[in-house]
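The values are calculated or read from the model by the stated rules, or taken from the named source; none is laboratory data. Computed from a predicted structure; not experimentally measured. Note that we place each Cβ from the backbone using ideal geometry, even for glycine, and neighbour counts take in every protein chain shown. Quick note on the areas: whole protein, heavy atoms, side chains included, nothing else; ligands and nucleic acids left out. Shrake-Rupley method; radii C 1.70, N 1.55, O 1.52, S 1.80 Å.
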Amino acid sequence: MFKALVVEKDAESGKTSAAVKTLTLDDLPDAEVTVAVEYSTVNYKDGLCIGPGGGLVRSYPHVPGIDFAGTVEASDDARYKPGDKVVLTGWRVGEAHWGGYSQKARVRADWLVPLPEGLDTRAAMAVGTAGFTAMLAVMALEDHGLVPGHGEVLVTGAAGGVGSVATAILAHLGHEVAAVTGRPEQEGYLRGLGASRIVPREELAETVKRPLESENWTGCVDAVGGAMLARVLGQMKYGASVAAVGLAGGAGLPATVIPFLLRGVNLLGIDSVMQPYANRLRAWERIARDLPMDKLEAMITPATLADLPRLGADILKGQVKGRVVVDLNG
Ligand SMILES: NC(=O)c1ccc[n+]([C@@H]2O[C@H](COP(=O)([O-])OP(=O)(O)OC[C@H]3O[C@@H](n4cnc5c(N)ncnc54)[C@H](OP(=O)(O)O)[C@@H]3O)[C@@H](O)[C@H]2O)c1
């Protein structure tokens, strides 16, 4: 017997409701590896899956939680044995498949990554999909020539999960970080993570007619999309890259191709969900090396299963700061 957050859908009204329930191992889906989940977290997608589903959930009852970290309890796959520490992000776990808001999870061995040296299961979930994606974005910028010492790197949605981790990693790597936030009260928090400049959201929120403005940024991790991404493209330095990670500000892109043609700007798409195994391993190893643990600790809000319905609603309203760590045994 173990506890899980179960979302059910009322057949008549079509409304969903989430509650902590007691399940047994027989309730879990068939797959090779059973994991005793220790920690999970809250991402934007989790907010959708705890609530009305956002078209992501395939069937009900459903256990959300797109990330988890824990200890292997049983395995039919030679790569994993009981006692191994593992982390899972993506592969539509918590959306199309049952996820990590459960003291036990059963998943495909291909979806797991062994926890790298230097990270425990709690730290791995303080990172979660948001932090893993931030690292993928930084790696993509580096693969396209970003090196410290050539100017400011912009991080949008900086006080959110992706933005917080991106700010801390970039600052640790020696970059000057300009953090865009709509929450001026988070200035101290963002400076603590290593931001050297705070850019008020309204400075970048409006579209402008001019496709090119002055060249300000040597790189950008963008969690916001929409008009802000369009505006930022016109402010990039010659040959610089933007890693497009999120759509917190909208999925549209009211831009022109001029920054690509006249300034050689690159727009790099970042997907964490279907990322190949080798790159996942590389990203988790870089996280263990390049994300200072004291900075990660400063981002954490602790939570338990019972807090999730509230936190799911909060993240959809952009009201969660940094990273939530859900203790499955708390
Ligand atoms: N590509 C991938 O694989 C991948 C993986 C993870 C997440 N994502 C996406 O990345 C985005 C960020 O995820 P997250 O976990 O960091 O979410 P989050 O914690 O909610 O952070 C998003 C941040 O964006 C800013 N923001 C919110 N609404 C905005 C608006 N209307 N205009 C401008 N800024 C706004 C806020 O930052 P401030 O308060 O500082 O302004 C907010 O904290 C989401 O869209 C998520 O779906 C994509």
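Structure values in brief
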| item | result |
| --- | --- |
| Any hit, the range 28-49, residues being within 15 Å of the ligand (Cβ to nearest atom), among the aromatic types (Phe, Trp, Tyr) and under 21 Å from residue 303 (Cβ atoms) | yes |
| Identity of the residue in the range 1-18, in contact (Cβ under 8 Å) with a residue 40 or more places away in the chain and among the small types (Gly, Ala, Ser), that ends up most open to solvent (accessible area, probe 1.4 Å) | 18 |
| First in the range 57-82 and outside the structural domain of residue 36 (by TED's automatic domain parsing), second anywhere and in a strand (DSSP E or B), Cβ under 7 Å, 6 or more apart | none |
| Odd one out for residue 283, checked against (1) crowded, with 17+ Cβ neighbours inside 10 Å; (2) more than 13 Å from the ligand (Cβ to nearest atom); (3) among the aliphatic types (A, V, I, L, M); (4) over 19 Å from residue 180 (Cα atoms) | (2) |
| Residue list for the range 96-133, restricted to those being in a loop (DSSP other than H, G, I, E, B), open to solvent by 10 Å² or more (accessible area, probe 1.4 Å) and more than 16 Å from residue 30 (Cβ to Cβ) | 103, 115, 116, 117, 118, 119, 120 |
| Qualifying residue in the range 58-71 (condition: crowded, with 21+ Cβ neighbours inside 10 Å and in contact with a Pro (Cβ under 8 Å, 6 or more places away or on another chain)) | no |
| Residue tally, condition open to solvent by 20 Å² or more (accessible area, probe 1.4 Å) and within 14 Å of the ligand (Cβ to nearest atom), over the range 141-159 | 1 |
| Selection within the range 24-55 - under 23 Å from residue 126 (Cα atoms) and in a loop (DSSP other than H, G, I, E, B) | 42, 43, 51 |
| Single unsatisfied condition, residue 80 versus (1) more than 16 Å from the ligand (Cβ to nearest atom); (2) hydroxyl-bearing (Ser, Thr, Tyr); (3) buried (at least 24 other Cβ atoms within 10 Å of the Cβ) | (3) |
